[in-house]
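Asker: Structure below; questions to follow.
Bear in mind these aren't lab numbers, they're just calculated from the coordinates by the rules spelled out. From a predicted model like this one, the values you see are computed outputs, not experimental measurements. Heads up, the Cβs are rebuilt from the backbone with ideal geometry, glycines too, and the neighbour counts pull from every protein chain shown.
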Amino acid sequence: MRAVRAAAAAVVLGLLALLVWDVAHGSGGGVAAKVDHGHVVAAPSLTLPFFERPGRFDLASYRGKVVVLNFWASWCVDCKLEAKTLHDAAERAGKDVVFIGVDGTDLSSAARAYMTRYEMNYPVVRDVNGNAKSTWGVTGFPETFFIDRTGRVTRHVNGPMPAADLKTWIQQELQS
C-alpha cells in the first residue's frame, strides 16, 4: 500500500511540475503574449465566416478603421458582464470604429440565444476550428484586441472591460 501511495504522489508531483513549467514557458503565446509584453504587432490574417449572414469577415478589409475584436462564449460569466458595455460602445461608435465578436466554442443555438439576449448590435464570426483563438493567443473569455487603422494590434484586454476604459482606448486609437 505504501508503494502505491508513493507512486501516486510521484505522479501528482510530476504533473504539477509539468503544469508549472508550461505556465512559465507558455506555449500559448500568439498575439496576446506579444502585446502584453509591450509590443505593437501586425494583426495576423483573420478571415472567418459571419455567424448569421452570408459571406466572410476579412480583417484586412478594415484597414483605415479602428477594430475592436472581442472573443467570447455564451457560457462565460464575464462575457455576460461586459455585453452591455460592448453593445453601448458599438452603438455610439462612429463610422471609423468597427466591433467584431468572435465565437468559437458554442453550438449555434447557444450562440444565437446569447446574441439575442445581449442584443449584439455588431457582426459576429465563428472560429469553427479554433485556429483564430490559437493564432491570437486567446486563453480564456472574454479577450479583446484593439487594432489600429494601419492593421497593428496595439492593446489586449484579458477579462471584462470597464465602459470608461473602453471609451478611452477607442479615443486613443482614433487620435493616433
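Asker: Using θ = phi - 60° and the Karplus curve 6.51 cos²θ - 1.76 cosθ + 1.60, what whole-Hz ³J(HN,Hα) does each residue of region 154-160 get, with Gly and Pro shown as x?
Answerer: Per residue, the Karplus-derived 3J(HN,Hα) values read 10, 8, 10, 10, 9, x, x Hz.
Asker: To test your reading of the geometry: what angle, between 0 and 90 degrees and rounded to tens, separates the Cα axis of helix 108-117 from the longest principal axis of the chain?
Answerer: 60 degrees
Asker: Right, another one. Along the Cα→Cβ direction, 7 angstrom out, place labels at A60 and T150. What is the inter-label distance in nm?
Answerer: 1.9 nm
Asker: Here's another thing I want to ask about it. Between the helical axis of 2-25 and the dominant principal axis of the chain, each derived from Cα atoms, what acute angle in degrees is found, rounded to the nearest 10?
Answerer: For helix 2-25, the angle is close to 30 degrees.
Asker: Give the cross-link partners of K84 among the aspartates and glutamates, using a straight C-alpha distance below 15 Å as the criterion and excluding same-chain residues fewer than 8 apart.
Answerer: Cα-Cα hits under 15 Å: E119, D165.
Asker: Another question, if that's okay. Taking 0.36 nm per residue of separation and subtracting the Cα-Cα distance, what length does fully extending T47 through N131 add?
Answerer: 29.2 nm
Asker: I would also like to ask the following. What do you get for the angle between helix 163-175 and the principal long axis of the chain? Use alpha-carbon atoms, 0 to 90 degrees, nearest ten.
Answerer: The two axes meet at around 60 degrees.
Asker: Pull out a ≥ b ≥ c, the square roots of the eigenvalues of the alpha-carbon gyration tensor of region 28-175, then state rounded if a/c is under 1.5, prolate if not and a/b is larger than b/c, and oblate in the remaining case.
Answerer: Rounded shape, in that the Cα axes give a/c under 1.5.
Asker: Okay, next question. Which of rounded, prolate, oblate describes region 133-176, given a ≥ b ≥ c as roots of the alpha-carbon gyration tensor eigenvalues and a/c under 1.5 marking rounded, otherwise prolate only if a/b is larger than b/c?
Answerer: Details: a/c = 4.21, a/b = 1.28, b/c = 3.30.
Oblate, because a/c is 1.5 or more while a/b does not exceed b/c.
Asker: Moving on to the next point. Applying the Karplus parametrisation 6.51 cos²θ - 1.76 cosθ + 1.60 with θ = phi - 60° to the phi angles of region 71-83, what ³J(HN,Hα) value in whole Hz is obtained for each residue in order, glycine and proline being reported as x?
Answerer: 8, 9, 8, 5, 8, 7, 5, 5, 5, 5, 5, 9, 4
Asker: Which of the residue pairs K34/K167; K65/K133; K34/K65; K95/K167 have a Cα-Cα distance greater than 18 Å in the structure shown?
Answerer: From K34/K167; K65/K133; K34/K65; K95/K167, over 18 Å: K34/K167; K65/K133; K34/K65.
Asker: Which is the longest part of the chain that has none of the GluC sites (Glu not before Pro) sitting in a DSSP loop with at most 13 other Cβ atoms within 10 Å?
Answerer: Values: sites that count: E52, E119.
Longest gap between qualifying sites, sites excluded: 53-118.
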